[in-house]
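Scroll down for the structure; my scribbles are underneath it.
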Amino acid sequence: MFLMTISFFLQGAIHGDGGGDLFRLIPVAGFFVAAIAGVAKKNISINVFVPRGIDVMLFVFVVLSFVPLFFDSLVGPSFYAVLFFMTAYSLFFCSVAYGLNAAVDSFLIASLAVLVLSVVTDFSGLASALSVTRTENGLLRYMALGAHPNLVGHNFGLATVVALSRFVCSSGWKNSVIYLFLTVLFFVMPLAASSRGSILAVAVSFFFCVVYLRLWKGSLSGAVSRLISFWPVFVLLVFVVVVLKHEYIFDLLEFDTAERGVGSGMTGRGDNWKLMIDLIFDSPRVLFLGAGFRTWDDSFYGYATDSSYLNLMWEIGVFAAAFAVFVPLLALKKCFFLKPSCVSILVVLVFVYMLIEAFVARYLYGVGNPATSFFILLLMSVNHWEFFVKNK
């Protein structure tokens with residue numbers, strides 16, 4: 001568990017260009033070593049492993065990654081796909097060997113450590129961002145340890161919903177207070193980063209969780225019931241904040257600025273989405289086979305969309321991209337109609353968050369940040385739940 005926690009922490013703490021990309025391989029190696037050590041220590045029975053849809057998806061990712069190698073002599077997409085494949089299974093076997101609860105603890109501890117380190121090293125930056133400070137370049141958005149503001153929102157937005165899932169399932173008032181405090185603390189970071197996509201995703205995942213719990217209200221007690229009874233208060237609180245402090249909220253989220261306001265076309269992304277769709281459908285090869293992993297970068301085609309769905313269509317083709325989205329949707333649907341448990345509540349919150357944020361963020365599938373790594377770990381675990389249970 002220690003090595004897994006360190007790997008999550010390093011993914012959240014290491015950023016930068018050039019040499020930073022090489023250093024990002026360190027946490028990936030950490031997950032791999034942790035998985036090998038865990039499998040060896042627990043003597044996991046691999047012979048009961050049955051391939052599922054997620055395994056087909058990962059295999060397709062790897063196969064399609066060799067298309068740009070064949071046509072364009074690009075080695076990068078193939079290397080990245082193989083790395084993603086290895087990371088996904090490393091994360092899965094970490095969860096099997098150490099348990100899903102340990103994986104959740106590791107992610108939350110690592111997220112808290114990154115938050116504390118960023119506040120200690122740049123408290124003035126956080127305070128300035130929350131004070132809605134404007135510079136000649138626009139709103140000052142918080143960049144925790146040098147990370148892009150949207151990445152800050154992505155990582156801590158997911159940490160928010162994971163902590164919320166722990167609050168829902170906590171027993172005793174002490175644990176409830178601790179996890180509620182962590183939920184609020186983590187949510188401050190997307191606000192400071194003015195990451196509207198992650199803030200919206202947190203709100204939608206909270207709403208879906210409430211709906212999910214309402215469906216099973218008769219079987220719930222404790223913190224779950226408190227969450228259900230809390231949601232009208234939450235709605236009222238949001239209404240009061242928007243009405244009484246709407247200027248602060250509007251300034252913090254830049255709803256009415258020329259750079260990022262409502263009329264700015266999603267900061268120009270709307271226009272780029274159209275250009276990207278045209279590029280995809282203009283090339284039969286890209287449409288069916290994709291252009292390769294990470295080739296959505298503007299150094300390849302020139303249009304930054306910041307949308308996971310469009311990026312997937314560009315990388316692996318329309319049909320493989322649809323399958324890659326169908327896999328978590330199917331798992332989410334299954335959990336939504338199961339009696340609430342700590343696992344199903346976690347899945348609903350995390351999967352809804354990731355799928356909603358993916359419309360305006362490029363982090364649904366990848367290898368370099370702790371939130372996406374945790375999502376992949378959970379996705380692999382849920383799809384192989386029978387194998388997971390047999391090796392408990």
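Quick notes on this structure:
- Only one of Phe181, Phe187 that is loosely packed, with under 14 Cβ neighbours inside 10 Å, modelled with pLDDT of 90 or more and part of a helix (DSSP H, G or I): Phe181
- Filter pass, Leu83 being over 21 Å from the mean Cα position of the chain (by Cα) and within 30 Å of Pro284 (Cβ to Cβ): no
- Counting only helices (runs of 4 or more DSSP H) wholly contained in segment 270-363, the ones carrying 1 or more residues that are surrounded by fewer than 22 Cβ atoms within 10 Å (Cβ to Cβ) and more than 16 Å from the chain's Cα centre (by Cα) occupy 284-289, 318-336, 342-357.
- Residue count for segment 105-144, restricted to those that are buried (at least 22 other Cβ atoms within 10 Å of the Cβ) and among the aliphatic types (A, V, I, L, M): 5
- When residues of segment 28-80 are limited to those that are basic (Lys, Arg) and over 25 Å from the mean Cα position of the chain (by Cα), the one nearest to Met380 (Cα to Cα): Lys42
- Residues satisfying the stated conditions in segment 43-58, i.e. of a type in the set (Val, Ile, Thr) and not in a helix (DSSP H, G or I): Ile44, Val50
- Contact map, segment 305-325: residues that are more than 21 Å from Asn150 (Cα to Cα) paired with residues that are buried (at least 24 other Cβ atoms within 10 Å of the Cβ) and of a type in the set (Asp, Glu), Cβ distance under 9 Å, separation 6+ or inter-chain. Pairs shown: Ala321/Glu315.
- Residue check, Thr133 of a type outside the set (Lys, Arg) and touching a strand residue (DSSP E or B) at 6+ places or on another chain (Cβ under 9 Å): yes
- Taking the listed residues Leu115, Leu108, Leu91, the one that is in contact with a helix residue (DSSP H, G or I) (Cβ under 7 Å, 6 or more places away or on another chain), modelled with pLDDT of 90 or more and closer than 23 Å to Leu330 by Cα is Leu91, with no other qualifying.
Matching residues to (1) more than 18 Å from Ile54 (Cβ to Cβ); (2) aromatic (Phe, Trp, Tyr); (3) touching a Pro at 6+ places or on another chain (Cβ under 8 Å):
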site: Ser308; (1), (2), (3): no, no, no
site: Met313; (1), (2), (3): yes, no, no
site: Ile316; (1), (2), (3): no, no, no
site: Ala322; (1), (2), (3): no, no, no
site: Phe326; (1), (2), (3): no, yes, no
site: Leu332; (1), (2), (3): no, no, no
site: Leu346; (1), (2), (3): no, no, no
site: Tyr353; (1), (2), (3): yes, yes, no
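- Which numbered condition Ser65 fails, given (1) surrounded by 15 or more Cβ atoms within 10 Å (Cβ to Cβ); (2) farther than 30 Å from Leu117 by Cβ; (3) of a type outside the set (A, V, I, L, M); (4) modelled with pLDDT of 85 or more: (4)
The values are calculated or read from the model by the stated rules, or taken from the named source; none is laboratory data. The model shown is predicted, which means the values in this text are computed figures rather than measured ones. As a convention, Cβ positions derive from the backbone with ideal geometry for all residues, glycine included, and neighbour counts pool all protein chains shown.
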